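Following: one structure in structure tokens, then a few remarks.
Readers should treat all values here as calculations from the given coordinates under stated rules, not as data from a laboratory. Predicted model, so just to flag it, every value in this text is computed and none were measured. Quick reminder, even Gly has a Cβ in these numbers, built from the backbone with ideal geometry, and neighbours come from all protein chains shown.
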Amino acid sequence: MENTPELTTYSILFLGFVLGLRHATEADHLAAVSTIVSERKGLMSASIVGGLWGMGHTIALFAVGLIVILLKLQISEALEAQLESVVGVMLVILGINAIRKILTSEKIHAHTHEHGGHSHTHIHTHVDEISEGSHHRFGPRSVIVGMIHGLAGSGALMFIILPLISSPMVALAYIIVFGAGSIGGMILMSFILGLPLHFTAGRFDLANKGIRWCSGLFSVGLGVFIVYEKLISA
């Protein structure tokens, strides 16, 4: 009987880690990260994007968790709906930006020259070097996107468990473990999402662009649906 509290604590933390892994596979999370991963060619780069998302997600969860635990506050359904609608707007913006980058990734040039006394004009395209260089840079976007998702998902998933935990220290540990699970889960999902993009980049341009188009359109569509469901139809 003396070991029961420890076993209970370990069970709670294990549950937090598993829920964190599962949390990373939700459609709105994958839609957002896929639009950023679609700009990456390397699998390591794609995985880092997922890790940055998870870090931002954990930071937001921990900040809100402190407020909930220390001040004994609860997130209202109205506030939760508003936060989720913000996620919807963000998905629309990310999707549109992904599509914009596809459309502007190639420059069209016309060259005219003479051959045999006749003038010829050739039209061709090449990839924008500035756009290509962006594949190797990491800005704060993934972290910010993760933070917004962390705020929106805090009431719906994580804080269903927190009120059941009597110890504030265990509750904070739960948040950290939950965040670790979401980081690991999103790194894995980003790696998986990056696989088709990695293998088609430079080899099958049409397929690569098709995947990127699907990612952008899915993000826009899901974002519009979330906004409609949480605000317009409520």
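Test of understanding: what is the full-extension gain from Ala173 to Phe199, defined as 0.36 nm times their sequence separation minus their Cα-Cα distance?
Working: separation 26, 0.36 × 26 = 9.36 nm, distance 3.92 nm.
Extending this stretch completely gives an extra 5.4 nm.
Once you list every other residue whose beta carbon is under 11 Å from the beta carbon of Lys230, what net charge do they have if Lys and Arg are +1 and Asp and Glu are -1? The partial results should precede the final answer.
On the way: positive: none; negative: Glu77, Glu80, Glu84, Glu229.
Residues near Lys230 contribute -4 overall.
By count of other Cβ within 10 Å, fewest leading, how are Trp53, Trp213 ordered?
Values: Trp53 31, Trp213 15.
Going from least to most buried by this count: Trp213, Trp53.
Quickly rank 178-190, 37-49 as a protection proxy: mean count of other C-beta atoms within 10 Å, highest first. List each step's numbers first, then the result.
Details: 178-190: 23.8, 37-49: 20.8.
Descending mean neighbour count gives 178-190, 37-49.
Using θ = phi - 60° and the Karplus curve 6.51 cos²θ - 1.76 cosθ + 1.60, what whole-Hz ³J(HN,Hα) does each residue of region 24-37 get, with Gly and Pro shown as x?
Computed from phi, the couplings for region 24-37 are 5, 8, 5, 4, 5, 5, 5, 4, 5, 5, 5, 5, 7, 4 Hz.
What is the distance, in nm, between label points placed 7 Å from the Cα along the Cα-to-Cβ direction at Thr9 and at Leu164?
1.9 nm
Using the Karplus equation 6.51 cos²θ - 1.76 cosθ + 1.60 (θ = phi - 60°), what ³J(HN,Hα) coupling, rounded to whole Hz, does each residue of region 58-64 give in order, writing x for Gly and Pro?
5, 4, 5, 4, 5, 5, 5
Give a residue-ordered list of calculated ³J(HN,Hα) values for region 82-99 (Karplus: 6.51 cos²θ - 1.76 cosθ + 1.60, θ = phi - 60°; whole Hz; x for Gly, Pro).
5, 5, 5, 5, 4, 4, x, 4, 4, 4, 4, 5, 4, x, 4, 5, 5, 5
Going by how many other Cβ atoms sit within 10 Å of their own, how do Ser105, Ser166, Ser76 line up, fewest first?
Working: Ser105 17, Ser166 7, Ser76 10.
In increasing order of surrounding Cβ atoms, one gets Ser166, Ser76, Ser105.
Would you mind checking which residues have amide H under 5 Å from Glu26's amide H? H placed 1.01 Å from N; only 5 or more apart, or other chain.
Amide H neighbours of Glu26, under 5 Å, 5+ apart: none.
What does the charge add up to near Glu84, with Lys and Arg as +1, Asp and Glu as -1, over the other residues with Cβ less than 10 Å from its Cβ? Intermediate values should be presented prior to the final figure.
Details: positive: Lys230; negative: Asp28, Glu80, Glu229.
Its environment carries a net charge of -2.
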